[in-house]
Structure formats: C-alpha cells, structure tokens
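Encoded as structure tokens, the structure appears first; notes follow it.
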Amino acid sequence: VVRKFGTDLPANRVVASNGEKGPQAEILGPGWHFGYWPWLFDLTPVEAITIDQGQVGVVSALDGKPLPNGEVYAESWESSDDMLDGRKFLGEGKGFRGPQLTVLTPGRYRFNPRLFTIVAKPSLVVHIGEVVVVKANAGPHYVKPEGNGVEIINGVPLVPKGYQGIWNEALLPGAYNMHPDAYQVVTVQVTKRVYTYQDEKWAIKVRSKDGFTFPVDVRVSVEVSAADAPKLCLLYTSPSPRD
C-alpha cells in the first residue's frame, strides 16, 4: 500500500507507520478491502515467499531504529510473525534496521518488500560422527556471576550457549535453524580415527646399537570428545580440526 497524500515521512524513514504519505507498513491479506480509493492509494500485488525444508529465511529490515553501537544484528524476536508485522515492527518502536537475528523457519510468509528483504539460505545440519563448535557474532554479552569461573583457552573465554563468543558446548548431530551469517561454525570429527605410518615416507627410522638403521611401523589412535571440541578449536586455528 502506497499513500499518495498525507504528512511527510520523518527524516531517514522510508516506510510510514502513522498514515504519512509513501509506502505503508501494513499489508493487505487476501480478500475484500474497502476504503482504499485509487485517488488516495496505490495497491501493488506482491508474491508471498516460501522457505523450503532444509532452509531458513534470512531477514534484513530497510527501516527502523538504528542498531545500538557495537551491535551487528538486531536482537531476537519471540515470534517471527510479530517481526514481519510492519505495524508492530515500526509502530511499537521495537524494530531495528539492518540484519535481523531472527530467521524464518520453513513455511510460507506474507511480507512487505518495502520494509524487509528475505533471502533463503541452507540451515545447519550436523552429521553423525561430528559436532559443531559455534562462534556467535550476536547475542547478549556474558557477564560471569561472582564465584563462577570462565574457562579461558589461549586468552579467549568459552561462554555459555546463547551468548556472544565461542560457546563452551558443541552442537550435537541434528538440524538447527540458525542464522548462517551470525553464527560461524567449525565442524569437528568425534569418531575414533587410526593413522598408520609404515611406508618409506612416513615410517619412523631408528638406529640400533651396532649402527644399523631400520623403519618402525607406528599406529596412532585419535579421538576428540564433544566436550573437548571447543577447546580444540581454540588451541589449533590452522589447519581446520575437521582436517
């Protein structure tokens, strides 16, 4: 809905929430709607968006309050339906412009393209035999309670799940509807692996008392627990723990 006449939009606003002229925050669902006279309003049909299974909808708002200093993503909404409601997003003053931390789960959604852009991206899948260590670039900052120590590896603290930083708890096998840009992930294998060094290139060579050199076959068994995966990622930054 675009209103042709009315008061001007406030500075730096692109969508009207109080009847100003210009694109309106509200959208009209299917059915009859009276009072939208063509001399006062322009109405444009817009396709709803479908988020397929195995994907999430990444949302960015084109209008709203500026993000607080130091924040890259707007804080989460309890309901994605409330977030996509333009009147609630702008009218109640809860919406911030820019990337939204809340993602859309699989389904079909009506949205205002003058207020939001939505891009479908793959959701996170953790396979059997693997865990995922998460570095959160969004969320509340963790303040440790008195007397409760935080484990620090290589000068970097491990924070509880849900806070900004590297989580001290890895994600177990399963599917997760997480923001693919706000959360960086590192996959770690937790199955036991055995490495055998027995050819001329890799075998360890030893020298006997009488001066003879001969190769010795070596077999190494390696296993990383899910609880230790976050520590491993902080101890070794290259190559990837998965490799």
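Residue 177 fulfils the conditions (1) open to solvent by 50 Å² or more (accessible area, probe 1.4 Å); (2) under 16 Å from the mean Cα position of the chain (by Cα); (3) without any contact (Cβ under 8 Å) to a residue 60 or more places away in the chain except for a single criterion, (3).
In the stretch 70-94, the residues that are among the charged types (D, E, K, R) reach residues that are open to solvent by 60 Å² or more (accessible area, probe 1.4 Å) and at pLDDT below 90 with C-beta atoms within less than 7 angstrom, at least six apart or across chains, in these pairs: 88/94.
Residue-by-condition table, conditions (1) open to solvent by 30 Å² or more (accessible area, probe 1.4 Å); (2) within 24 Å of residue 19 (Cα to Cα); (3) of a type in the set (Gly, Ala, Ser):
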{"site": "36", "(1), (2), (3)": "yes, yes, no"}
{"site": "45", "(1), (2), (3)": "yes, yes, no"}
{"site": "52", "(1), (2), (3)": "yes, no, no"}
{"site": "60", "(1), (2), (3)": "yes, yes, yes"}
{"site": "67", "(1), (2), (3)": "yes, no, no"}
{"site": "72", "(1), (2), (3)": "yes, no, no"}
{"site": "76", "(1), (2), (3)": "yes, no, yes"}
{"site": "86", "(1), (2), (3)": "no, yes, yes"}
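Could you list, in sequence order, all residues of the stretch 116-151 that are over 21 Å from the mean Cα position of the chain (by Cα) and at pLDDT 85 or above? Can you show your working first?
We begin by selecting, within the stretch 116-151, every residue over 21 Å from the mean Cα position of the chain (by Cα); these are 128-129, 143-151.
Those that are over 21 Å from the mean Cα position of the chain (by Cα) and at pLDDT 85 or above: 128, 129.
Of the residues making up the stretch 107-122, those that are surrounded by fewer than 19 Cβ atoms within 10 Å (Cβ to Cβ) and either in contact (Cβ under 8 Å) with a residue 60 or more places away in the chain or of a type in the set (Ser, Thr, Tyr) (or both) number 10.
Name the one entry in 15, 59 that is within 20 Å of residue 90 (Cβ to Cβ), at pLDDT 95 or above and under 30 Å from the mean Cα position of the chain (by Cα). Even if it seems obvious, please write down each step before you answer.
Working: 15 fails: at pLDDT 95 or above.
Unique residue meeting the criteria: 59.
Could you list all residues from the stretch 146-174 that are aromatic (Phe, Trp, Tyr) and open to solvent by 70 Å² or more (accessible area, probe 1.4 Å)?
So in the stretch 146-174, the residues aromatic (Phe, Trp, Tyr) come out as 163, 167.
Result: 163, single match.
The values are calculated or read from the model by the stated rules, or taken from the named source; none is laboratory data. Given the structure is predicted, the values throughout are model-derived calculations rather than measurements. Quick reminder, even Gly has a Cβ in these numbers, built from the backbone with ideal geometry, and neighbours come from all protein chains shown. SASA here: full protein model, heavy atoms, side chains in, ligands and nucleic acids out. Shrake-Rupley method; radii C 1.70, N 1.55, O 1.52, S 1.80 Å.
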